[in-house]
Amino acid sequence: MNARMSALFTALAAALLAGCGGDPPAGADGSAANAAPGAEKVLNVYNWSDYIGEDTIAGFQEETGIRVTYDVFDSNEVLEAKLMAGNTGYDIVVPSLTFLSRQVQAGVFQELDKSRLSNYGNLDPAFMALLATNDPGNLHSLPYLWGTTGIGYNVEKVREALGEDAPVDSWALVFEPENLAKLKGCGVAILDTPSEIIPPVLLYLGEQPNSFDEAVIQKGVDRLKELRPHITYFHSSQFINDLANGDICVAVGWSGDIIQAQARAEEAGKGVDVAYSIPKEGAPMWFDMLAIPKDARNVDNAYLFLDYLLRPDVMAGIQNYVMYASANQAALPMVDDAVLDDPGIYPDEDTKAKLFTLAVLPPEVDRLFNRHWTTLKTGQ
Ligand code: N2P
């Protein structure tokens, strides 16, 4: 097991290791097989935007002859609303773990038959043990990619607005109204999701980030109301291009997306320097999970796709393109050093110790978050 990966979850893994992982069936060669004869050769995938390799889908289509309809979303809340309503038409979806946990309880997903996944053994067992805390027995999901929620910023513009001592290593950069007021002029984007913004605000205010206490949550919301006039927009994918082009100077966003913005800015060669910061106070860490809805119509093809994604070459190709970390230990030798050595993607030990996982919100807290969020965005 790769030291970088295993170190992340040592403590949890020690307690939970037994019984994870699955043996590939005898004779499996690790390649995607053709779909069963007579089966309809289609697959409907619903994934996050900017979250797949350049040729991942084309490669699968070529190997299997299965035509993939690939749709994207950028919000767990949107995905959940569709899943709970049912009949999504999708065969594969990718909720974050804490959302998936609630969806599993609601009976949205099929149990995965691991014997149909010849590449399942590529997953890091320590990681699987950690994930099992929210998907017991890893029965309904596989890890896709994981990352953190932090701050992307334009190095030069932030320096211009706040000086050499700009607190770029702290949530103070964006959660202190005084600072945000000064950044307003160069553009501020915030993820459009209460579940990943309210917790770090609470943490910054010295509260328990995963508090379910209405009064505590209200404190976070009050702070967000103070910040609201200085926020240019709430959106969960627009910030990649805007940061890369210099159209905004700060985004509270996802690690890989901001590092994608950094790469795009470098390629464009117009002198825009984007950096990603995991604030010193700590930051949310999340895991996006692959799952098959109960009412999926192309289940055989969904298994072929999952097994394809579990292949080291396929997963490394995805990681090298979207700049996120995976739980696929067999892929690591093929992942670029630029990804493995970027502390924004694979955080160092000290940073890891400060990351926190998000809570599975009880339905009433989820509703409260969403109510607060709507009010905040509409400015009432
Ligand atoms: C990719 C979004 C990352 C997923 N654009 C956040 N869970």
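So here's what we get for this one:
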| item | result |
| --- | --- |
| Residues (among the polar types (S, T, N, Q) and buried (at least 24 other Cβ atoms within 10 Å of the Cβ)) located in the range 237-259 | S255 |
| Search result, residues across the range 316-336 that are crowded, with 20+ Cβ neighbours inside 10 Å, in contact (Cβ under 8 Å) with a residue 24 or more places away in the chain and in a helix (DSSP H, G or I) | G317, I318, Q319, Y321, V322, L332 |
| Scope the range 194-216; condition of a type outside the set (F, W, Y), farther than 15 Å from E364 by Cα and buried (at least 20 other Cβ atoms within 10 Å of the Cβ); matching residues | E196, I197, I198, P199, P200, V201, L202, L203, P209 |
| Check on L112, within 16 Å of the ligand (Cβ to nearest atom) and either in a strand (DSSP E or B) or over 17 Å from Y324 (Cβ atoms) (or both) | no |
| Selection status of D165, surrounded by fewer than 15 Cβ atoms within 10 Å (Cβ to Cβ), under 23 Å from I258 (Cα atoms) and either touching a residue at least 60 places away in the same chain (Cβ under 8 Å) or among the β-branched types (V, I, T) (or both) | no |
| The range 50-86, subset closer than 16 Å to D313 by Cβ and among the aliphatic types (A, V, I, L, M), residue surrounded by the fewest Cβ atoms within 10 Å (Cβ to Cβ) | A58 |
| Hey, T375 in contact with a Ser or Thr (Cβ under 9 Å, 6 or more places away or on another chain), closer than 26 Å to S195 by Cα and away from the ligand (no atom under 16 Å from the Cβ) or not | no |
| Unmet requirement for S141, which otherwise passes all of (1) among the hydroxyl-bearing types (S, T, Y); (2) assigned by TED's automatic domain parsing to the domain that holds D50; (3) more than 15 Å from the ligand (Cβ to nearest atom) | (3) |
| Some residue of the range 272-290 being more than 16 Å from the ligand (Cβ to nearest atom), of a type outside the set (A, V, I, L, M), in a helix (DSSP H, G or I) and modelled with pLDDT of 95 or more | no |
| Residue count for the range 88-109, restricted to those that are of a type in the set (F, W, Y) and within 16 Å of the ligand (Cβ to nearest atom) | 1 |
| Residue tally, condition surrounded by fewer than 22 Cβ atoms within 10 Å (Cβ to Cβ) and in contact with a Ser or Thr (Cβ under 6 Å, 6 or more places away or on another chain), over the range 267-284 | 1 |
| Among (1) more than 16 Å from the ligand (Cβ to nearest atom); (2) assigned to a loop (DSSP other than H, G, I, E, B), the one test that N179 misses | (2) |
| Residue match in the range 147-155 (condition: surrounded by fewer than 20 Cβ atoms within 10 Å (Cβ to Cβ) and away from the ligand (no atom under 16 Å from the Cβ)) | yes |
| Count of residues meeting criterion [in contact (Cβ under 8 Å) with a residue 40 or more places away in the chain and either surrounded by fewer than 18 Cβ atoms within 10 Å (Cβ to Cβ) or out of contact with any Ser or Thr (no Cβ under 9 Å at 6 or more places or on another chain) (or both)] in the range 300-315 | 5 |
| Pair list, Cβ < 6 Å and 6+ apart or interchain, from the range 353-374 residues that are under 15 Å from L97 (Cα atoms) to residues that are of a type in the set (S, T, N, Q) | L358/T98; A359/N210; V360/T98; V360/S101 |
| Meets criteria (away from the ligand (no atom under 13 Å from the Cβ) and crowded, with 24+ Cβ neighbours inside 10 Å) for G220 | yes |
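A quick yes/no check of all residues on (1) in the same structural domain as I190 (by TED's automatic domain parsing); (2) outside any helix (DSSP H, G or I); (3) more than 11 Å from the ligand (Cβ to nearest atom):
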{"residue": "L227", "(1), (2), (3)": "yes, no, yes"}
{"residue": "D247", "(1), (2), (3)": "yes, yes, yes"}
{"residue": "G253", "(1), (2), (3)": "yes, yes, no"}
{"residue": "I258", "(1), (2), (3)": "yes, no, no"}
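The values are calculated or read from the model by the stated rules, or taken from the named source; none is laboratory data. Owing to the predicted nature of the structure, the values given are computational and were not obtained by experimental measurement. Heads up, the Cβs are rebuilt from the backbone with ideal geometry, glycines too, and the neighbour counts pull from every protein chain shown.
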